[in-house]
Amino acid sequence: MRIPDRALLAISLGVSALGIGGLAVLFACAEVPEASILEANGLEDGAGVTITGEIVSVRQGAATTHFTIAQTCTIDAVAFENVSLAPGMTVTVTGEMDTYKGERELVVSGIRS
């Protein structure tokens, strides 16, 4: 039995759409673990993490925002976009840990205040 090309195309597009939808649901349900700054500093480069703390300094670049988050210790963070932040704000920041010029930092992918 031969399946017409149009039917094969419709089946393959339908299965692809289901797969993409499934991936979207899985991605939305996946959470990055929350950690203290001390715990985050011990993670490998590229590890995802969420940190909540108080902003103690902000430095705006041309297309970046560098800021320092404090808990019992501090960590530098960089967002590759201009973000409106101010010292004293409490934020929850999600991103990946990295080492830049020998110093630990959080490369930001999301910020909630």
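The helix-based estimate of mean residue ellipticity at 222 nm for the chain, built from -39,500 (n - 2.57) per DSSP H run of four or more residues and divided by its residue count, is -8500 deg cm²/dmol to the nearest 500.
Taken one residue at a time, the phi angles of region 106-113 give Karplus couplings (6.51, -1.76, 1.60, θ = phi - 60°) of 9, 8, 7, 10, x, 9, 10, 10 Hz. Gly and Pro are set to x. Shown in residue order for region 54-66 are the 3J(HN,Hα) couplings computed by the Karplus curve 6.51 cos²θ - 1.76 cosθ + 1.60 at θ = phi - 60°: 9, 6, 10, 7, 9, 10, 8, x, 4, 9, 9, 10, 9 Hz (x for Gly and Pro). Dipole size of the chain about its Cα centre, with +1 on Lys/Arg Cβ and -1 on Asp/Glu Cβ: approximately 500 debye, rounded to the nearest 20. Could you tell me which of rounded, prolate or oblate describes region 30-113, using a ≥ b ≥ c as the square roots of the eigenvalues of the alpha-carbon gyration tensor, with rounded for a/c under 1.5 and, failing that, prolate when a/b is larger than b/c and oblate otherwise? Rounded shape, in that the Cα axes give a/c under 1.5. Projecting the Cα positions of G102, A10, L23 onto the charge dipole of the chain (unit charges on Cβ atoms of Lys, Arg, Asp and Glu, taken about the Cα centre) puts A10 furthest along the positive direction. The HN-Hα couplings worked out from phi for region 78-85 by the Karplus form 6.51 cos²θ - 1.76 cosθ + 1.60 (θ = phi - 60°) are 9, 10, 8, 6, 7, 10, 7, 10 Hz, whole numbers, x standing for Gly and Pro. Against the chain, whose longest principal axis is taken from its Cα atoms, helix 5-29 shows a tilt of about 20°.
Every number in this text was worked out from the coordinates using simple rules, so none of it is lab data. The shown structure was predicted, so the numbers you read here are calculated from the model rather than taken from an experiment. Positions of Cβ are generated from backbone atoms using ideal geometry, with glycine treated the same way; all protein chains shown enter the neighbour counts.
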